[in-house]
Amino acid sequence: MRHPIDVTCCKELSLCSVPFLNRRLKSALENMEISKLFPVQVALWQEIVGVSDFERDLCVNSPTGSGKTLAYALPIVQKLLSASRVKYLRALVVVPTRDLALQVKQVFDAIALPLGLCVGLAVGQSSVTDEISSLVHLPGDDEDSDLGFFSPFWFQSKVDILVATPGRLVEHVHMSRGFTLKHLHYLVVDEADRLLREDYQFWLPTVLRSAQSSNNDGGGGVPYSPWNIRTCGRVDSGSRPHSRLAKVVLSATLTRDPGRLVQLNLHHPLFLSTGKMRYRLPENLESYKLICERKVKPLYLVALLKSLGEEKCIVFTRSVDSTRRLCKLLNCFGDLQIDIKEYSGHQHQRVRSKTLNEFRKGQFQVLVSSDAMTRGMDVEGVRNVINYDMPKYIKTYVHRAGRTARAGQTGCCFTLMSNDEVGRFKKLMKKAEASASLEYTVPFRLIEELHSTYQSALSELKECGGNPRISPVHRSKRKKRKTSISRE
Ligand SMILES: Nc1ncnc2c1ncn2[C@@H]1O[C@H](COP(=O)(O)OP(=O)(O)OP(=O)(O)O)[C@@H](O)[C@H]1O
């Protein structure tokens, strides 16, 4: 950990030059229009598939949009290819949110499905019962069960790889009959600093203990969960290629604090990092500050949006309440002619996913979001990020700004601030590498022109019940939900 490997020393590699790359995996990548591996992907390939052969667990701190998902998905899929033909759940990826899990699953699907490996999802999108029947063969699943035969496939895993959020994962471990982590070879913890910060029903000790049970009993002994029963008709135990559960832990802002990482029980961890500092912004990102009067901040935002034309854009606010308020206000600006939608922890998951899909398809142009969007989300074509409220921490700035300038593309991050916030912004930015910022101005004339529309928008907002301040009903609902809604 004291001697991290600098990922920037790895050069991009064309697919033809990647050593040991499976032929079918190469064509799957080509179908995704990927012709080369990015530096972090080369580094992980070397450590996992190359001569190092996953001798050590890996901690990866690499900027947003640098391709971390494929960096772990690719070598893990290649490793799973050489293992037994019987299906076992052998790779588990844990991420903090459902939308992110869906995104990660898509990457795995693209490279694993053509090679006959199955990828499952445990995120609480459907009931526990429905979800488990997509992950494990249960009695009643097949024709034999109607005849009263004992099927050799009962409780056999249907998937080789599982992408999960921590809460639902723990539910399955404790309650789902037939679900087991006994055969797990690989554990990936994506957005690890976020996942380690919160307990999520002790997900980590639960996973480690549950996966550990195979080490102690050779893969076929007493299961951890009361519901786990021995897989019937097993041909082999799916024994691990490594004597341990091999782990990859990643984030664009991964901590180097051993006190925090110790809970992962890492085996001779190797730290792979980009640059010298913990926080680093994407190479092709331009950061701008936009100084404005606090009272008329929405006016400046509208002027900025107008100046950006038709470009896809995400506006971040400090809370779910501000997100709702701002979105309503912007939609009351009659002549704005920009389609704007909200994405926040206030909304039902179904609504959020729908909004995200529409945004991905380009059906509207501006997404107003709480920090629910900051972590990991990859939306093609986002050219601008706007911090309507300046983030408190550099970590938040890094994740928000990182929704643009991904995969080597260019992008801009604008932060609105009043004069008295400029000092704090400077201090904040000093904490990150490659974080020089310029001042952006919008023509004063435009602000003046917008004044009257702003006043009418405020009145309209009041009329339609979108009181800028939170109503008592709203406040009591919010109180109830306070414990369940994650602000991120
Ligand atoms: N080798 C590659 N060639 C071309 N595009 C790639 C390659 N690898 C990844 N990408 C694309 O780069 C984008 C960013 O990848 P990814 O989401 O994995 O980044 P990340 O490092 O996980 O970012 P974050 O820290 O924000 O989660 C995605 O759109 C992905 O399709």
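The values are calculated or read from the model by the stated rules, or taken from the named source; none is laboratory data. Because the structure is a prediction, the values reported are computed rather than measured. Don't worry about glycine lacking a Cβ; one is built from the backbone with ideal geometry, like all the others, and counts go over all protein chains shown. We work out accessible area using only protein heavy atoms, side chains counted, and drop any ligands, DNA or RNA first. Shrake-Rupley method; radii C 1.70, N 1.55, O 1.52, S 1.80 Å.
Observations, loosely collected:
- Coil-residue GluC sites (Glu not before Pro) of segment 8-88, DSSP, other Cβ within 10 Å capped at 15: GLU12, GLU33, GLU55
- Of every Cα-Cα pair in segment 285-477, the percent that sits beyond 28 Å: 23 percent
- Mean separation of Cα contacts under 8 Å, 6 or more apart, over the residue count of the chain: relative contact order %: 17 percent
- Surface/4 estimate of mean projected area, convex hull on alpha-carbon atoms of segment 306-390, nm²: 5.3 nm²
- With a Förster radius of 41 Å applied to the beta-carbon distance between ILE291 and THR129, the computed FRET efficiency rounds to 0.15.
- Kirkwood Rh, Cα atoms: Rg over Rh of segment 1-130: 0.96
- Chain lengthening between ASP420 and GLU311 when straightened (0.36 nm per residue, less Cα-Cα): 36.3 nm
- Relative contact order of segment 95-134, pairs being alpha-carbon contacts under 8 Å that are 6 or more residues apart, as %: 36 percent
- Where trypsin sites (Lys or Arg not before Pro) in DSSP loops with at most 11 other Cβ within 10 Å are excluded, longest remaining stretch of the chain: 86-275
- Average accessible surface area per residue within the chain, 1.4 Å rolling probe, Å²: 46 Å²
- Size descriptor, Kirkwood hydrodynamic radius, that averages inverse alpha-carbon separations across the chain, Å: 24.2 Å
- A DSSP coil position with no more than 16 other Cβ atoms inside 10 Å describes the following GluC sites (Glu not before Pro) in segment 342-403: GLU380.
- Simple spin-label estimate for THR441 and VAL86 gives 7.3 nm between the two label positions (7 Å along the Cα-to-Cβ direction from each Cα).
- The lysines within cross-link reach of LYS426, meaning a Cα-to-Cα straight distance under 16 Å and a gap of 8 or more places when in the same chain, are LYS289, LYS392, LYS395.
- Given 13 as the ceiling on other Cβ atoms within 10 Å, longest exposed-site-free region of the chain for chymotrypsin sites (Phe, Trp or Tyr not before Pro) in DSSP loops: 203-392
- For the chain, calculated [θ]222 nm from helices alone, where every DSSP H run of n ≥ 4 adds -39500 (n - 2.57): -11000 deg cm²/dmol
- Extended-chain gain in nm, criterion 0.36 nm per residue less alpha-carbon gap, ASP6 and ALA407: 142.5 nm
- For the chain, the fraction of 1.4 Å probe accessible surface lying on carbon and sulfur atoms is 51 percent.
- Fraction of beta bridges assigned by DSSP in the chain that are antiparallel (%, nearest 5): 5 percent
- Between GLN106 and GLU460, the contour length at 0.36 nm per residue exceeds the alpha carbon distance by 123.3 nm.
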